[in-house]
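K.L.:
The structure's right below; bear with me while I get my questions together.
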Amino acid sequence: MKGIFAVLLCGASCVCQGQTYPDSVMMERIYATSFVDGEAYKNLRYLTKEIGHRIAGSPQAGEAVQWSRSLMQELPFDRVYLQDVKVPYWERGAKEEAFILPTREPLKVLALGGSVATPAGGLEAEVIEVELLSELRRYGDAVAGKIVFVNKPWDESIVETGVAYGLNSSQRSRGPAEAAKLGAVAYLFRSLSSSPDDDFPHTGGTRYVKGIDSIPALAISAVAANRLSEVLKENPKTRIHIKNASRWNGMVDTHNVIAEWTGSEKPDEIITIGGHIDSWDVGEGAHDNGTGTMGTLDAIRTLMKLGYKPKHTIRLVFYMNEENGVHGATRYGEAARDKKERLVAAIESDAGGFAPRGFDIKSSAEKVAWIQQHWKPLFEQKFWVSRFFAGSPGVDSGVWGQHFPNTMMFNFRPDPHRYFDIHHTDKDVFEAVDRRELQSGVAALASLLYLLDQQIDEIGQK
Ligand SMILES: [Zn+2]
């Protein structure tokens, strides 16, 4: 123990030299304030338990908009407003069902977001199982009239769960159209879950292609996928029954929720921070993305509580409709482009509320190296946050960033191990979030916001 303590002391004393000393003290105050007085967890409880899940276009999403605005209005922001957005409203309808015939052994399924319905009484068909959509070609005409079942297990050998997710997610979005092209009557997709024993189906977006039939598309739990595969090996002619009542309800008027804290030195230069306020229509949208919205709001509140005065304008944005259309971020980007705003930096939180690990940075190699040299030591020695690498921005910033290619973007990275166990399921509830982990993330976000506001002009010279 003694040896480790000595190393830590040495590290701390190095950080304390010259310019960085006040920053480290400020960060200690930020962390202490977040742990002792943080309100992200309390606000998350309201969002998840009183409002609940909130798919874009739904009454709950509308309620989340109004409530978020009132939360922002309670703080000393200079401006709080709603930005109009039109979103497509997809509704799940009555609970889906699926079972093996003739035994009626049930299979846990959940319609993929955007799916069309089956006929009212459901449909029955034989099943063609593949791991990859590309294997379907081999079956040719035999696909017609069948249910295509893509059963590719999660690659557990991959440490970075987001990478494992990305390996399979395009089969979720492309699947229904590819299967329909060959005459399939429905699409069944093994859930993107990092847990091999998971019997919860995971929803997520899918899409159809103009000119190709839209067929019902459902996610099946990992456990049910294994079971169905076993049954099909015994009897490849096995038929299953599926029923789904989801539908599109056209476009709905809704909003992004925005608050601004005006900068004292460069008010026209804006640092955007936020995450998406919508969620899927299962669970409570706690980690995805109640923690991202309540966390970024609380990061700003923490700085306000400490009496901080920003040099640049800090703009909090709760984007609508990240999950099934990204219309909110699209609208934010177009409006900012038309107004020729100067969006100098952006932070997004949309990877859960687990213990913070760092930030992916979209910027030049020189700027990333500068951050690694100057900021990483501040985070890693006392606060256990050490991951600062070049990487992709979050989905929402990535979309509006198309109009702002030079904006430096930070994607908040909490610990990734448990996220894809609960992602887009009934398991994503308030109880899955730990207060201390969440407030630690709030402090990491507030610290980054503070450092950016203080030093972005210095990095800009690099
Ligand atoms: Zn999300």
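The values are calculated or read from the model by the stated rules, or taken from the named source; none is laboratory data. Bear in mind the structure is a predicted one, so any value in this text is a computation, not a measurement. When we count neighbours, we look across all protein chains shown, and the Cβ atoms used for this are built from the backbone with ideal geometry, even at glycine. Ligands, DNA and RNA are stripped out before the accessible areas are found, and what is left, the full protein with its side chains, is counted by its heavy atoms. Shrake-Rupley method; radii C 1.70, N 1.55, O 1.52, S 1.80 Å.
K.L.:
Can you compute the charge dipole magnitude of the chain about its Cα centre, using +1 on each Lys and Arg Cβ and -1 on each Asp and Glu Cβ, nothing else charged? Give it in debye, rounded to the nearest 20.
P.N.:
Computed about the Cα centre, the dipole is about 360 debye.
K.L.:
Under 17 Å Cα to Cα from Lys86, which aspartates and glutamates show up? Leave out anything in the same chain fewer than 8 places away.
P.N.:
Glu63, Asp253, Asp278, Glu322, Glu323, Glu334, Asp396
K.L.:
What is the Cα coordinate range of region 93-245 on the first, second and third principal axes, sorted by size from largest, in whole angstrom?
P.N.:
So the extents along the principal axes, rounded to whole Å, are 41, 37, 34.
K.L.:
Let me ask another. Using the Karplus curve 6.51 cos²θ - 1.76 cosθ + 1.60 with θ = phi - 60°, work out ³J(HN,Hα) for each residue of region 219-230 in order, rounded to whole Hz, and write x for Gly and Pro.
P.N.:
Taking θ as phi minus 60°, the curve returns 8, 10, 5, 4, 5, 5, 5, 4, 5, 4, 4, 4 Hz for region 219-230.
K.L.:
Please give the per residue accessible area of the chain, computed with a probe of 1.4 Å over protein heavy atoms only, in Å².
P.N.:
Here the per-residue accessible area is 41 Å².
K.L.:
Can you spot the lysines whose alpha carbon is less than 20 Å from Lys152's alpha carbon? Ignore those fewer than 8 places along the same chain.
P.N.:
Within the straight-line limit of under 20 Å, Lys152 reaches these lysines: Lys108, Lys233.
K.L.:
Same structure again: Of all accessible surface on the chain at a 1.4 Å probe, what whole percent is carbon and sulfur?
P.N.:
Answer for the chain is 52 percent, counting heavy atoms of protein chains only.
K.L.:
In angstroms, what radius of gyration and Dmax does the chain have, counting Cα atoms only?
P.N.:
23.6, 76
K.L.:
Report, in degrees rounded to the nearest 10, the 0 to 90 angle that the Cα long axis of helix 59-73 makes with the longest principal axis of the chain.
P.N.:
The two axes meet at around 0 degrees.
K.L.:
Now, a different point. Please report the spacing between the Cα centers of region 117-141 and region 284-340 in Å, no decimals.
P.N.:
After rounding, the separation between the Cα centres reads 41 Å.
K.L.:
Taking the Cα atoms only, what angle lies between the long axis of helix 161-181 and the longest principal axis of the chain, rounded to 10 degrees?
P.N.:
40
K.L.:
When ranked by the protection proxy of mean other Cβ atoms within 10 Å per residue, highest first, what sequence do the peptides 308-317, 229-238, 257-266 form?
P.N.:
So the peptides 308-317, 229-238, 257-266, ranked by packing, come out 308-317, 257-266, 229-238.
K.L.:
Here is a follow-up. With a point put 7 Å past each Cα toward its Cβ, work out how far Leu82 is from Leu306 in nm, to one decimal.
P.N.:
Here the modelled spin labels are 3.4 nm apart.
K.L.:
Give the cross-link partners of Lys340 among the lysines, using a straight C-alpha distance below 17 Å as the criterion and excluding same-chain residues fewer than 8 apart.
P.N.:
Correct list for Lys340: Lys266.
K.L.:
For the chain, give the share of DSSP beta bridges that are antiparallel, in percent and rounded to the nearest 5; count only bridges with both residues there.
P.N.:
Numbers: 36 of 71 bridges.
The answer is about 50 percent antiparallel.
K.L.:
Only Cα pairs under 8 Å and at least 6 apart count here; give the relative contact order of region 93-245 as a rounded whole percent.
P.N.:
39
K.L.:
Also, quick follow-up: Taking the chain as the reference, fit the longest principal axis to its C-alpha atoms, fit the long axis of helix 2-15 to the helix C-alpha atoms, and give the angle between the two in degrees, 0 to 90, nearest 10.
P.N.:
Here the helix axis deviates by roughly 70 degrees.
K.L.:
Ok, one more. Which links in Lys311/Lys376; Lys181/Lys427; Lys237/Lys427; Lys311/Lys362; Lys311/Lys427; Lys49/Lys210 stretch past 31 Å when you go from one Cα to the other?
P.N.:
Lys181/Lys427; Lys237/Lys427; Lys311/Lys427; Lys49/Lys210
K.L.:
Pull up the DSSP beta bridges for region 319-462 and report the antiparallel fraction as a percent, rounded to 5. Don't skip to the end; give the middle numbers.
P.N.:
Working: 6 of 14 bridges.
Taking every DSSP beta bridge with both residues in region 319-462, the antiparallel ones total about 45 percent.
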